[in-house]
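Heads up, the thing below is written out as structure tokens.
The values are calculated or read from the model by the stated rules, or taken from the named source; none is laboratory data. Because the structure is predicted, anything quoted here is derived from the model rather than measured. Glycine gets a Cβ as well: all are built from the backbone with ideal geometry, and neighbour counts include every protein chain shown. With ligands, DNA and RNA removed, areas are computed over all heavy atoms of the protein, side chains included. Shrake-Rupley method; radii C 1.70, N 1.55, O 1.52, S 1.80 Å.
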Amino acid sequence: MATKTINLNTEDIEDDCLCSEITTTCSIPLEQKDVEETQSLALNRPNGYLKGESRIERAWSHWKKLGEPKLIVAPMVDNSELPFRLLCRKYGAEAAYTPMLHSRLFNEDEKYRAMEFSTCKEDRPLFVQFCANNPNTLLEAARKVEPYCDYVDINFGCPQRIAKRGNYGAFLMDNLSLVKSLVEKLANNLNVPVSCKIRIFPNLQDTLSYAKMLEDAGCSLLAVHGRTRDEKDGRKFRANWEAIKAVRNVVRIPVLANGNIRHIDDVHSCLEETGADGVLSADPLLENPALFAGYRTAEWGLGVAGMKEDDKLDQAELLIEYLRFCERYPVPWRIIRSHVHKLLGEWFRIQPSVREDFNKQYKLTFEFLYDLVNRLKELGVRIPLYVKDTQQAVSAN
């Protein structure tokens, strides 16, 4: 069996240390027959010799073989790691992206690879996302992961200052010749399709030309975040679904929509209004990993007609499930700490002393985190999730 072995380094300390001191192996689904299937599938995937119509046909053929997933976990640095992806998949996600990986570090640093990338048999379909500004460096990194994923994705959408300093992400929108060369390098040399995640330009025609250029360069799937590079605050700036729809109408490859997906009704509205082939959700999933299963946080469920409190599932229960995945597939404690804050943020506002104790905890343990959840429950804290009241709907009919 071919596996990806993660050696957990016990010399590191605290939050940058993995959450287990046990050396473990995460088996990627590459038993001998799987290897043969992967090699066979490569013959049916976009590759360098494919041009024009053949490439478009192969892009759709591959997407359909994956089941045309519509509910997708977006890439999130330090947040869309394996345990969180598995939790989201349990609650309706049909595909997922890894966090953005730095292609140069991925090539040069074995420890970085082990800490930042892991997967398992249940973690498919999977997009592995890289940032890069050098085609050869990107290809070297992509070849390391292509047996373990369904797309190698290039990040052209990160708007943060670190991306500006590093000359990657959305700041490559200023250098479209480099963007084109990155896509072409992968499309001409990988056996898995290349996908791209972009932001829109302020000018719609610039966006459409950008999308067509990516398609012509060999991109097999395009995820469009409907905000510009300067529109970083998702609560302040609404995503432009009309721009996504326009992109969908000019390219011939699958298109995913990103932005304004806060609950399942947004999913349906987005698919209808944009014509996209699927949707991505990011920050709302961090507070509610069960979003795709129809659950809502109080912000989007309390007082909404036709919604009721769910008497079983809440964010504390979701955290417990997440921690159990972490025990099985270790990740750095800093990632777990971030998820605790996202999932229990509103709970901590009710009992700030519990949050203070959590923040003071220099070294986390699973025992401490399970006890923290129990302590909140003992203090009477519970913020329910909300689901549609099916009985009320039946009565109304």
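Structural remarks
- Helical runs assigned H by DSSP (4 residues or longer) give the chain a calculated mean residue ellipticity at 222 nm of -13500 deg cm²/dmol, each run adding -39500 (n - 2.57) before division by the residue total.
- Taking 13 Å as the straight-line reach from the Cα of LYS164, the aspartates and glutamates in range (excluding those fewer than 8 positions away in the same chain) are ASP174, ASP230.
- With the gyration tensor restricted to C-alpha atoms of the chain, the semi-axes of the equivalent ellipsoid amount to 34, 27, 20 Å, longest first.
- The stretch 298-388: relative contact order in percent, alpha carbon pairs under 8 Å with at least 6 residues between: 57
- Subset of LYS70/LYS185; LYS111/LYS144; LYS180/LYS212 violating a 20 Å alpha-carbon distance limit: LYS70/LYS185
- On a per residue basis, the chain carries 44 Å² of accessible surface, using protein heavy atoms and a 1.4 Å probe.
- In loop segments of the stretch 184-257 as defined by DSSP, the trypsin sites (Lys or Arg not before Pro) with at most 15 further C-beta atoms inside 10 Å of their C-beta are LYS232, ARG235, LYS236, ARG238, ARG252.
- Helix 204-217 vs. the chain, principal-axis angle (Cα, 0 to 90°, nearest 10): 70
- FRET efficiency estimate (nearest 0.05) - Cβ-Cβ, LEU105 to GLN351, R0 51 angstrom: 0.85
- Cα-based shape type of the stretch 126-165, given that a ≥ b ≥ c are square roots of the gyration tensor eigenvalues and the cut on a/c is 1.5: oblate
- Heavy-atom accessible area order for PHE201, PHE84, largest first, 1.4 Å probe: PHE201, PHE84
- Cα Rg, Dmax, the stretch 52-288, angstrom units: 16.1, 44
- Length-normalised contact order of the stretch 52-288 in % [C-alpha pairs under 8 Å, at least 6 apart]: 18
- Ordering of 365-377, 118-130, 62-74 by packing [mean C-beta count within 10 Å, highest first]: 118-130, 62-74, 365-377
- Solvent-accessible area of the chain (1.4 angstrom probe, protein heavy atoms only): carbon and sulfur portion equals 46 percent.
- Charge tally for ASP78 (other residues, Cβ to Cβ under 12 Å; Lys, Arg +1; Asp, Glu -1): -1.
- As a ratio to 2.2 N^0.38 Å, the alpha-carbon radius of gyration computed for the stretch 298-388 takes the value 1.14.
- Label-to-label distance, nm, for residues given as GLU317 and LYS212 (7 Å Cα→Cβ offset): 5.1
- Total lysine pairs under 19 Å (Cα atoms) in the stretch 298-388, excluding pairs fewer than 8 apart on one chain: 6
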